[in-house]
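Just below is one structure, and these are the notes that go with it.
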Amino acid sequence: MPTPREVFALIERMRCISSEAERRALVAELGAVERPTVLSFLNAHAVNLCMRSQEALGAFDRSDLLLRDGVGLRIIMPWLGLPAGFNMNGTDFIPLLLKSLPKRRVAVYGTATPWLERARAHLETVTPHVYADLQHGFHPVEHYVRQARRSRPDLILLAMGMPRQEAVAAELRAALDHPVLIVNGGAIVDFLAGRFRRAPENLQRAGFEWAFRLLQEPKRLFGRYVVGGFGFAATACRLRLAAPALPARRPRPAPLRPAARSAVRRSSGTAAPAPMHKEL
């Protein structure tokens, strides 16, 4: 079982994005990776998973870059002595990233038919990319490794849910030998395909998109949002007790893990993204 100190160290690794310039720089970095690089998103559900499972914690910890997703972490970050920054939820940031990058070969691994095909049809109309490899999310990990080695995409979007997608991403990162950005997207493909609706803008701004999602999928999400909400409150208290016991903390986490910094170079050809401040 992971300790609160281990999970706190994972949260501390998150990259805090607190200005539009930093967000533009992030998009440029992600568009210029020079080796397999994993982008993951930490939200309250992810933290709960990491508190319960060493495997989940290990999968998230093998990500090269972590971004804050959602209102739960926004609330507790100042309490833990850490900056919250912008909400970088994948539901908004991944489409923005795909629209901002120049033409790429993209593979999408996750969810099921017909949502994969519907998401590709939508993405082909709003992004410049070639969606060369679609695979549903229920194959063994070896299948995705074989597919990625064969098609050699520039970007892999995983949509398998936590923590499976993070574990698959870690295996892909270890197995591939070409520059590729691997993005853990959760339900992003289902949203792009129209399987689920986004909350109205006012609910998104108020931080209640989770409630809108709960109304759409009560059986699947009750445990995550209701039961998990109480669990996250207890987790926050344990993390607060662990925080002072850690070594002196950086005011802001490093952009990438030390071993991964050389994997990224700046690119000047990336379009400037639009503002994004919504909380999930």
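What the table shows:
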| item | result |
| --- | --- |
| Within the accessible area of the chain (1.4 Å probe), percent carbon and sulfur | 57 percent |
| Percent of Cα pairs exceeding the 31 Å cut-off, where the set is the chain | 22 percent |
| Volume of the Cα convex hull of segment 119-166, divided per residue and given in Å³ | 86 Å³ |
| Lys, Arg +1 and Asp, Glu -1 on Cβ, resulting dipole of segment 76-154 about Cα centre, debye, nearest 20 | 320 debye |
| Bridge type composition, the chain - antiparallel percent by DSSP, nearest 5 | 5 percent |
| Where Phe232, Phe60 fall by accessible area, highest first, once all protein chains stay in place (1.4 Å) | Phe232, Phe60 |
| Projected-area average for segment 63-160 over all orientations - Cα convex hull basis, square nanometres | 7.6 nm² |
| Largest to smallest accessible area among Arg150, Arg68 [probe 1.4 Å] | Arg150, Arg68 |
| Computed accessible area, Trp115, all protein chains, 1.4 angstrom probe, square angstrom | 50 Å² |
| Rg [Å, one decimal], Dmax [Å, integer] - segment 1-134, C-alpha atoms | 16.3, 46 |
| MRE, 222 nm, helices only [DSSP H, n ≥ 4, -39500 (n - 2.57), over the chain, to nearest 500] | -13000 deg cm²/dmol |
| Compactness index (Cα Rg / 2.2 N^0.38 Å), segment 103-189 | 0.98 |
| Heavy atoms of His139: accessible area, 1.4 Å probe, square angstrom to 10 | 40 Å² |
| Accessible area expressed per residue, segment 34-159, with surrounding protein chains retained (probe 1.4 Å, Å²) | 37 Å² |
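The values are calculated or read from the model by the stated rules, or taken from the named source; none is laboratory data. Everything numeric here is computed off the predicted structure, so don't read it as measured data. Methodologically, a virtual Cβ is constructed for each residue, glycine included, from the backbone with ideal geometry; neighbour enumeration extends over all protein chains shown. Areas reflect the complete protein model, heavy atoms only, side chains present, ligands, DNA and RNA absent. Shrake-Rupley method; radii C 1.70, N 1.55, O 1.52, S 1.80 Å.
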